[in-house]
1. Decide, for the stretch 279-330, between rounded, prolate and oblate: order the square roots of the alpha carbon gyration tensor eigenvalues as a ≥ b ≥ c, take rounded if a/c falls under 1.5, and otherwise choose prolate if a/b is larger than b/c, else oblate.
2. Modelling each spin label as a point 7 Å along the Cα-to-Cβ direction, I'd like the residue 66/residue 95 distance in nm, to one decimal.
3. Starting from the Kirkwood Rh over alpha-carbon pairs, what translational D in µm² s⁻¹ does the stretch 67-142 have by Stokes-Einstein at 25 °C and 0.890 mPa s?
4. In whole angstrom, how far apart do the alpha carbon centroids of the stretch 75-89 and the stretch 103-166 sit?
5. Roughly speaking, what is the stretch gain from residue 118 to residue 156, that is 0.36 nm per residue apart minus the C-alpha to C-alpha distance, in nm to one decimal?
6. Can you give me the Kirkwood hydrodynamic radius for the stretch 122-193, using every pair of distinct Cα atoms, in Å to one decimal?
7. How large is the convex hull of the Cα atoms of the stretch 204-276 per residue, expressed in Å³ as a whole number?
8. Rank by packing, highest mean first: peptides 219-231, 185-197, 76-88, 295-307, with packing defined as the count of other Cβ atoms within 10 Å averaged across residues.
């Protein structure tokens, strides 16, 4: 789920200086390295009253994270992941008596990855951690803090290519239609579910969407995706009808006590959270009779798959999903081999002609 931190090497002055090294509450002081008692998958910041002086490595990590916030346009979720990864990395180095980034070598970085892997961290999380560490050392190299990047020789672990979870068109129609129109929450939920499936949005994109992002005149929504990148996604009559029913009904009734411009509101006129969206999707799936795990991202996968199955070109789907690389979109072409085989059998001139000829011979017999 995160962009590579390797490109974040800007705006470090040559010979850049560190913040003052006086007493500070370390953000990594209490992260355990004992995988026998505390598996890596459960590592977290614990509340600790211990105050100590941060190491040089930790202070540079703080400065690097500030750099990402101010100049790199990273999302809140991405920054949370980077902070956790680099906190683990700093504590790992501290445990080995390494408090200066100049003392880190490729062996240390490799051992850190091994520690994460044996501690039970998922391959994707290990790859993200390596990306964060590489970006951090590249930042220091660009600022002449270190002379070589010790993380550069380390290869990113190969991730297993898993096919996304996709629902059928009939299943999606059942889920989207499951909320009751007579209930204000049902009207809101139907608008949310319809928008998720109709536009292929990420859960954070739907939760953060504002009223002004919906353009009924042009039939587009303005979506702010990863890295703050904006894109326009069209919507059709079904989505338009559901959104207008919500905006002219339940949401208008809350405008007198609004505290946000968010499109989808929860209690107290506040915007729905990511978890709130997830719960709405899960409850709708259960009402539709689906026992399998269904998440907001299932809607996004289904959106892309159904478009491609209907003949949409990859570039158009890529633009609507907001993928930076076409290779990310290409995974949807592998989702329904049976569908592709049927298209080939029915549409390819050689296959269609051969089938017709065989059928003619059979008729003659």
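What follows is calculated from the coordinates using simple rules that are stated; it is not laboratory data. The structure presented is a predicted model; accordingly, all values stated were derived computationally and were not measured. Counting neighbours? That spans all protein chains shown, and the Cβs are built from the backbone with ideal geometry, glycine included.
1. Cα axes put the stretch 279-330 in the prolate bin.
2. 2.9
3. 189
4. Each part's Cα centre sits 13 Å from the other's.
5. 12.1 nm
6. Radius from the Kirkwood sum: 16.7 Å.
7. Dividing the Cα hull volume of the stretch 204-276 by its residue count gives 95 Å³.
8. Output ranking for 219-231, 185-197, 76-88, 295-307: 185-197, 295-307, 76-88, 219-231.
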